[in-house]
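The values are calculated or read from the model by the stated rules, or taken from the named source; none is laboratory data. In this text the structure is predicted, and so the values were computed from the model without any measurement. FYI the Cβ positions are ideal-geometry reconstructions off the backbone, even for glycines, and counts take in every protein chain you see.
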């Protein structure tokens, strides 16, 4: 204990004597840890954000996409090529899937960005072509008015339900939106009949939902859908429903022309992608850590030369090789750890500042990994100079001028 | 206590082989107060370094405190230095960044066995006894050469060693201060019975010790 205190005290004494050198040396590790932590925070934050998006939808929803995007196996290349020459769903597919006995609801999905104009403002927003069951998919909270009704769909009503963010942009107060009329691309007038609360998805929150039948008039003349969602109330029926949906679609299409996916499959894929991306980011950040480690090694070699005589004196009064080794390794490790700690703190501050605007997250394992890596760097890069210090012969060291 | 048998130390300097110490056999008993006298380059310092386990002989056998040194590992040798040998150097060799007290306590940090006394108290007592108790918190560069050498003596004594090796202990000091340091060493030998070997090139210094060992060109000689 006394020994440990003396080693640490000694190291801190060295840092105090060479403040500028200590700062500059640990700067490399500081920057390295800072960038690694920021990259990890970005990776984890984005991943959590996407997971949150899927959680909003719920796990009992099947996604029907054209092509073999997610979960179909194969490479990205295959996925994209199959996406490129694949089919587009139309009303017939939607109606066919509606026959599923185990489906709680079936919603067609169409979304496009359009110029939207109220009597006050003009802005770009999303127009979604959906049906009256779309609110069940997200469990929207209706703030004012009502959601689209079945008759709105069948009669191709020019009505829409607006989300809070877009309503706030187009009108003085979001609450004013209900009852007002907006113009989409100057050729479609939509009466707002409802206002829903934001769900945290930028695309959804900045949209007006109108009957899909209404989109067929001008916006979506091809009368296609980008996707179809199937809600299943009983989670034990999800797999069966998926199979039934595939059977229905197989009557029209080949099995590589569409995919029916459970959210968990998408999540798995997303998680997989992010672990690869994170790995690459960490590898990039590690380069700066290695450079920082070399900086420490360089300074420690200089320090060994500076203190050759001191090493000789310590050896003459009984310090063993390992005592000398420990002394120098303690210095390099504390130096590196301090750099890591400051880098981590800086990253933490930046994350706190940016967090309200962008999903960034530092978790416990990031903290532990960054501090662990900085200690390992200090130990590894410090071990070479420390060994050369320990291997000085006492008599040559003490005579060193 | 110290038994050297046909000890030689050779090393090569460029292409020339230098015999710093050749075939020296020597016995020094416990409690002796001896000096090794020789001119510069006579091999006296090399001999002291071999006795003090700072250097290794090329051939011959060294027995110290009844142990054959050749068989010991580096950390065992370090421990012997730590526990049983105190060094006093011409240039004091205190660590400048540490205070006098910290310098004196330094050997205790490397002690491999638990010490049965209060090191802090002993260090203060030693400094008092040696006459620099009031300089304990000073850094070496703030005190005189004589005081630095006294601090070095206190450091050499802190671990209660059996042997003190002093390499030109008065070399950097004026005559009066040098005499005081020698008085002090004499006192330690008388009072504590510590074996002391002084290495010097000054006849007057050697004359104050009880036994003189003469060395010339790496060999022992009867008379200087």
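Tabulated data
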read-out: All positions within segment B:99-112 that are within 8 Å of chain A (Cβ to nearest Cβ) and assigned to a helix (DSSP H, G or I); value: B:106, B:107, B:109
read-out: Cβ-Cβ under 8 Å pairs, at least 6 apart or on other chains, segment A:381-401 side at pLDDT 95 or above, far side surrounded by fewer than 23 Cβ atoms within 10 Å (Cβ to Cβ) and not in a helix (DSSP H, G or I); value: A:389/A:307
read-out: Residues of segment B:29-45 that turn out to be in contact with a helix residue (DSSP H, G or I) (Cβ under 6 Å, 6 or more places away or on another chain) and not in a strand (DSSP E or B), as a count; value: 1
read-out: Flag for residue A:297 being away from every other protein chain (no Cβ under 12 Å) and assigned to a helix (DSSP H, G or I); value: yes
read-out: Selection from segment A:358-391 of residues that are outside any helix (DSSP H, G or I) and either away from chain B (no Cβ under 14 Å) or surrounded by 21 or more Cβ atoms within 10 Å (Cβ to Cβ) (or both); value: A:358, A:359, A:360, A:361, A:362, A:363
read-out: Only listed residue being within 14 Å of chain A (Cβ to nearest Cβ) and either touching a strand residue (DSSP E or B) at 6+ places or on another chain (Cβ under 6 Å) or at pLDDT 95 or above (or both), chosen from B:167, B:118; value: B:167
read-out: Filter result for the condition that a residue is surrounded by fewer than 18 Cβ atoms within 10 Å (Cβ to Cβ) and either under 19 Å from residue A:387 (Cα atoms) or within 11 Å of chain B (Cβ to nearest Cβ) (or both), over A:306, A:323; value: A:306
read-out: Candidates B:61, B:42, B:35 - the one that is more than 14 Å from chain A (Cβ to nearest Cβ) and surrounded by fewer than 20 Cβ atoms within 10 Å (Cβ to Cβ); value: B:61
read-out: Conditions (1) facing another protein chain (nearest Cβ under 9 Å); (2) under 18 Å from residue B:169 (Cβ atoms); (3) not in a strand (DSSP E or B); number of the one not met by residue B:48; value: (1)
read-out: Answer residue from segment B:64-73, given it is in a loop (DSSP other than H, G, I, E, B) and more than 11 Å from chain A (Cβ to nearest Cβ) and is surrounded by the fewest Cβ atoms within 10 Å (Cβ to Cβ) among those; value: B:66
read-out: Test: residue in segment A:147-160 that is on the phi < 0 side of the Ramachandran plot, part of a strand (DSSP E or B) and surrounded by 14 or more Cβ atoms within 10 Å (Cβ to Cβ); value: yes
read-out: Residue in segment A:142-154 that is touching a strand residue (DSSP E or B) at 6+ places or on another chain (Cβ under 8 Å) and within 14 Å of residue A:205 (Cα to Cα) present; value: yes
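Every residue, every condition in (1) outside any loop (DSSP other than H, G, I, E, B); (2) surrounded by 21 or more Cβ atoms within 10 Å (Cβ to Cβ); (3) in contact (Cβ under 8 Å) with a residue 60 or more places away in the chain; (4) more than 10 Å from chain A (Cβ to nearest Cβ), yes or no:
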site	(1), (2), (3), (4)
B:56	no, no, no, no
B:75	yes, no, no, no
B:86	yes, yes, yes, no
B:97	no, no, no, no
B:114	no, no, no, yes
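Each row is one residue, and each column tells you yes or no for (1) surrounded by 14 or more Cβ atoms within 10 Å (Cβ to Cβ); (2) at pLDDT 90 or above; (3) assigned to a loop (DSSP other than H, G, I, E, B).
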| position | (1), (2), (3) |
| --- | --- |
| A:182 | yes, yes, no |
| A:189 | no, yes, no |
| A:213 | yes, yes, no |
| A:236 | no, no, no |
